[in-house]
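> Quick one: the structure is below, questions incoming.
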Amino acid sequence: MSGRHWIDPGELDELARIDSPVHRLDPRAKILVTALYILVVMSVSPDRIAALMPFVLFPSLGFGIAGIPVTPIVRRLAIALPFAAMIGALNLVVDREIVLSVCGIGLTGGVISFASILIRAVLTVSAALLLVSVTGTHRIGAGLAVMGVPGIFVTQVLFLVRYLFVISDEAVSMRRAVDLRSAGYHPGRSRGLPLRLFGSLMGSLLVRSLDRAVRVHRAMRARGFTGDVRYAGILRFRSMDWVFLGSCAAVLIALRWADPTQWLGGVIAGVR
Amino acid sequence: MHMADALISPVVGGTMWLVSGSLLAHSARSLRRDTRDDLTPLMGVLGAFVFAAQMINFTIPGTGSSGHIGGGSLLSILLGPHAAFLTIASVLTVQALFFADGGLLALGCNIFNLGFFPAFLAYPFVYRKITGSGASPRARILGASVIAASTGLVPGAAAVVLQTSFSGISELPVPTFLALMLPIHLAIGIIEGLATAAVVLFVSAARPDMVPSHAASCRAGIHPLTLGLLAGALVLGGIGSWFASAHPDGLEWAIERVAGQLGGSRSGWHAGLSEIQETTAVMPDYGFRPGGTAAVEGDAGEPKWPAVDAGTSAAGVIGGALVLLVAVLAGFASRFGSARNTA
């Protein structure tokens, strides 16, 4: 398959069908906590790497209690990191002042900010992956719609996820057909198609997709669709959700201001 | 050029969330007025199409390498600005949630950078102006696509630079960063335009009814009030993030100020310590020497990094490693406690 970044998005939705205490929480509580978590992590000043460590607990416990397997998450993390790593690597070059030395190895400001960017990328990306894999698209959509996100946008996201497989499968089989007939392009020389061939291939896919949209629309009209998806009966904000929301918010805010790492390290190392 | 969460500060991210959120609300409102109920499946399927199109690479003319389209310009041409903006935003949301491509905090930035410029700037003011209403000759569609795709991409690349710099995370000076990003994205824009034109030309030849060539669907307008709000939000965010990045932690900065005033002899203390630092930086176990310092610029200017006390650093390293270990172990331990029954 040609697209390197291609990962089956349905995998996360499958994981969302597991039954666990984390899965059972109301999507609104999970959305709010995830947002707060990302804000708090990103507001820790870039040079305080150690202070970021307690925040590992949140995704670690989340994935753990929910029983989410590690492999699909790690695979997605590996794909997410290169861009952040690229920008962070520039800091290595720009900031070469030694700001800290550990056991005789001088660390430059660039090394520290590079590490800090990478760690925060891992933390925030895993928080987002955690949200999806313990909630699922449909319930996130329902939560967002109830929280005031425009209905047409929520519907659009749900539609997109639904048709992703259908249209991509079509694209893959068309691409395979081109490869088999080799239509004037020589595999081995380049991974891409000549532009003209690309145009007609994508054009055909587009025409098929648009035709499909017309058929989908007719089918939906026939079933009484008026432009709104209804989410009745999906959401129930129970006392457990209040407890989860309140305690997570309290812990996150406390970790932002107090620094248990520093204290713990101090106790162990006997310095300060 | 998806921004990642790790590259922006909460102030910049939050500001861009507000900006993109109001653009989304605006687009949703104007589509409501349209009352085209076939738009929902059309947008959904086209969003999925963009995903699929990104799986198929084409050869970049004149080079050996290959690339794939971004799809912003194509969506604008097929759907008009408002529906295109919503569709691009949905594609980016799904990428952030399912593919970890870009992040949730950065989502506002990404929607603005990759959606606003192609849909609300390049399409109405470049593409439509060149092609006009009615059927256009092929060469004109080609030219319009290339120019529109570049106008859609380059400001987005500039916005990436500004957002990262305002966040105070990249230490590259803005002009250097711009000089790195802009030429690349101009080239990418031209290629994107060529690929977009290839698709549009094919469809308008095969199924002319599918490419809207009338201006009716395109009330390009963003209300002046919306524009004013946008500008206001950007200015506020700019000021806020400048302040935030110069002083990453308001409280620490304030404390440092107060301490500086109380201490009085801070600059002498400072200079002395950096002298020691210069002579001892390569010595083993330096990090454990209590009261030593690492850091800092030799000049009398404000330190770029808050002075890192070596004792504090050692405690930080040890404590950090321990907490990390505990956090990861807790995750694995909790696995055993919880029942796993896949439905």
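> Considering only segment B:120-134, I want to know if a residue exists there that is in a helix (DSSP H, G or I), within 14 Å of another protein chain (Cβ to nearest Cβ) and open to solvent by less than 20 Å² (accessible area, probe 1.4 Å). Steps first, please.
Keep residues of segment B:120-134 that are in a helix (DSSP H, G or I), which gives B:120-131.
Filter once more, keeping what is within 14 Å of another protein chain (Cβ to nearest Cβ): none.
No - not one qualifying residue is present in segment B:120-134.
> Looking at (1) over 24 Å from the mean Cα position of the chain (by Cα); (2) modelled with pLDDT of 80 or more; (3) not in a helix (DSSP H, G or I), which is the one condition that is false for A:Arg221?
The number of the failed condition is (3).
> Restricting to segment B:201-210, name every residue that is more than 8 Å from every other protein chain (Cβ to nearest Cβ) and surrounded by 18 or more Cβ atoms within 10 Å (Cβ to Cβ). Talk me through it step by step, then tell me what you get.
As a first pass, look at segment B:201-210 and keep what is more than 8 Å from every other protein chain (Cβ to nearest Cβ): B:204-205, B:208-209.
Within segment B:201-210, B:Ser204 is the sole residue that qualifies.
> If B:Arg33 meets every condition in (1) out of contact with any helix residue (DSSP H, G or I) (no Cβ under 9 Å at 6 or more places or on another chain); (2) closer than 30 Å to A:Ser113 by Cα apart from one, which number is that one?
B:Arg33 satisfies every listed condition except (2).
> Pick from B:Leu31, B:Leu78: which is in contact (Cβ under 8 Å) with a residue 12 or more places away in the chain, in contact with a His (Cβ under 9 Å, 6 or more places away or on another chain) and facing another protein chain (nearest Cβ under 10 Å)?
Working: B:Leu78 fails: in contact with a His (Cβ under 9 Å, 6 or more places away or on another chain).
Testing whether each residue is in contact (Cβ under 8 Å) with a residue 12 or more places away in the chain, in contact with a His (Cβ under 9 Å, 6 or more places away or on another chain) and facing another protein chain (nearest Cβ under 10 Å) leaves just B:Leu31.
> Still on this structure, please answer the following. Tally up the residues in segment B:53-72 that are crowded, with 24+ Cβ neighbours inside 10 Å and closer than 26 Å to A:Val149 by Cβ, please.
3
> Still on this structure: Scan segment A:152-171 for residues that are more than 8 Å from chain B (Cβ to nearest Cβ) and free of Cβ contacts under 8 Å to residues at least 60 places away in the same chain and jot them down.
Selection gives A:Asp169 alone.
One line per residue, one yes/no per condition, for (1) in contact with a helix residue (DSSP H, G or I) (Cβ under 9 Å, 6 or more places away or on another chain); (2) under 30 Å from A:Pro46 (Cβ atoms); (3) within 7 Å of chain B (Cβ to nearest Cβ):
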| position | (1), (2), (3) |
| --- | --- |
| A:Gly88 | yes, yes, no |
| A:Asn91 | yes, yes, yes |
| A:Asp95 | yes, yes, yes |
| A:Leu123 | yes, yes, no |
| A:Val134 | yes, yes, no |
| A:Arg139 | yes, no, no |
| A:Met147 | yes, no, no |
| A:Pro150 | yes, no, yes |
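> Looking at (1) buried (at least 19 other Cβ atoms within 10 Å of the Cβ); (2) assigned by TED's automatic domain parsing to the domain that holds A:Arg48; (3) within 30 Å of A:Thr155 (Cα to Cα), can you tell me which one A:Met240 breaks?
(1)
> I would also like to ask the following. Residues B:His223, B:His185, B:His214: which one is at pLDDT below 60 and under 30 Å from A:Ser200 (Cα atoms)?
On the way: B:His223 fails: under 30 Å from A:Ser200 (Cα atoms); B:His185 fails: at pLDDT below 60.
Result: B:His214 is the single residue among B:His223, B:His185, B:His214 that is at pLDDT below 60 and under 30 Å from A:Ser200 (Cα atoms).
> A further question on this structure: All but one of (1) at pLDDT 75 or above; (2) in a helix (DSSP H, G or I) hold for A:Leu235; state the number of the condition that does not hold.
Checking A:Leu235 against (1) at pLDDT 75 or above; (2) in a helix (DSSP H, G or I), the one that fails is (2).
> A follow-up question, please. Considering each of A:Ala78, A:Ala89, A:Ala50, A:Ala85 in turn, give the residue that is of a type in the set (Gly, Ala, Ser), in the same structural domain as A:Val22 (by TED's automatic domain parsing), in contact with a Phe, Trp or Tyr (Cβ under 7 Å, 6 or more places away or on another chain) and at pLDDT below 85. Give the steps one after another, and end with the answer.
Values: A:Ala78 fails: in contact with a Phe, Trp or Tyr (Cβ under 7 Å, 6 or more places away or on another chain); A:Ala50 fails: in contact with a Phe, Trp or Tyr (Cβ under 7 Å, 6 or more places away or on another chain); A:Ala85 fails: in contact with a Phe, Trp or Tyr (Cβ under 7 Å, 6 or more places away or on another chain).
A:Ala89 is the lone residue from the list that is of a type in the set (Gly, Ala, Ser), in the same structural domain as A:Val22 (by TED's automatic domain parsing), in contact with a Phe, Trp or Tyr (Cβ under 7 Å, 6 or more places away or on another chain) and at pLDDT below 85.
> Is it true that A:Ile117 is part of a helix (DSSP H, G or I), more than 20 Å from B:Leu105 (Cα to Cα) and either more than 16 Å from the chain's Cα centre (by Cα) or modelled with pLDDT under 85 (or both)?
The answer is no for A:Ile117.
> Hey, any hits in segment A:189-211 for a residue that's acidic (Asp, Glu) and either modelled with pLDDT of 75 or more or part of a helix (DSSP H, G or I) (or both)? If you could, list the steps in order and put the result at the bottom.
First, pick out the residues of segment A:189-211 that are acidic (Asp, Glu): A:211.
Going one step further and asking which of them are either modelled with pLDDT of 75 or more or part of a helix (DSSP H, G or I) (or both), we end up with A:211.
Looking for residues that are acidic (Asp, Glu) and either modelled with pLDDT of 75 or more or part of a helix (DSSP H, G or I) (or both), one finds at least one in segment A:189-211, hence yes.
> Right, something else. Restricting segment A:44-79 to residues that are more than 8 Å from chain B (Cβ to nearest Cβ) and without any contact (Cβ under 8 Å) to a residue 24 or more places away in the chain, which is farthest from B:Gly331 (Cα to Cα)?
A:Ala78
> What residue, among those in segment B:136-184 that are small (Gly, Ala, Ser), under 20 Å from A:Ser116 (Cα atoms) and assigned to a loop (DSSP other than H, G, I, E, B), is most open to solvent (accessible area, probe 1.4 Å)?
Step one: list which residues in segment B:136-184 are small (Gly, Ala, Ser), which gives B:136, B:139, B:143-145, B:148-150, B:152, B:156-159, B:165, B:167-168, B:170, B:179.
Next, only the ones that are under 20 Å from A:Ser116 (Cα atoms) stay: B:165, B:167-168, B:170.
From what's left, assigned to a loop (DSSP other than H, G, I, E, B): B:167-168, B:170.
On the way: B:Ser167: 10, B:Gly168: 36, B:Ser170: 11 Å².
Filtering segment B:136-184 for residues that are small (Gly, Ala, Ser), under 20 Å from A:Ser116 (Cα atoms) and assigned to a loop (DSSP other than H, G, I, E, B), the one most open to solvent (accessible area, probe 1.4 Å) comes out as B:Gly168.
> Is there a residue in segment A:106-116 that is among the β-branched types (Val, Ile, Thr), farther than 20 Å from A:Val40 by Cα and open to solvent by less than 10 Å² (accessible area, probe 1.4 Å)?
Initial filter on segment A:106-116 (among the β-branched types (Val, Ile, Thr)): A:108, A:111-112.
Next cut, farther than 20 Å from A:Val40 by Cα only: A:108, A:111.
The next check asks that each one be open to solvent by less than 10 Å² (accessible area, probe 1.4 Å); those that pass are none.
No: segment A:106-116 contains no residue that is among the β-branched types (Val, Ile, Thr), farther than 20 Å from A:Val40 by Cα and open to solvent by less than 10 Å² (accessible area, probe 1.4 Å).
> Based on what the data block shows, is B:Ala48 within 8 Å of another protein chain (Cβ to nearest Cβ), open to solvent by less than 10 Å² (accessible area, probe 1.4 Å), free of Cβ contacts under 8 Å to residues at least 40 places away in the same chain and assigned to a helix (DSSP H, G or I)? Lay out the reasoning, then the answer.
Working: within 8 Å of another protein chain (Cβ to nearest Cβ): yes; open to solvent by less than 10 Å² (accessible area, probe 1.4 Å): yes; free of Cβ contacts under 8 Å to residues at least 40 places away in the same chain: yes; assigned to a helix (DSSP H, G or I): yes.
So B:Ala48 passes the test.
> Check off (1) open to solvent by 10 Å² or more (accessible area, probe 1.4 Å); (2) of a type in the set (S, T, N, Q); (3) outside the structural domain of A:Ser20 (by TED's automatic domain parsing) for A:Thr137 and give me the number that stays unchecked.
(3)
The values are calculated or read from the model by the stated rules, or taken from the named source; none is laboratory data. Values in this document were obtained by computation on a predicted structure and should not be read as measured data. Glycine also receives a Cβ, built like all others from the backbone with ideal geometry; neighbour counts cover every protein chain displayed. With ligands, DNA and RNA removed, areas are computed over all heavy atoms of the protein, side chains included. Shrake-Rupley method; radii C 1.70, N 1.55, O 1.52, S 1.80 Å.
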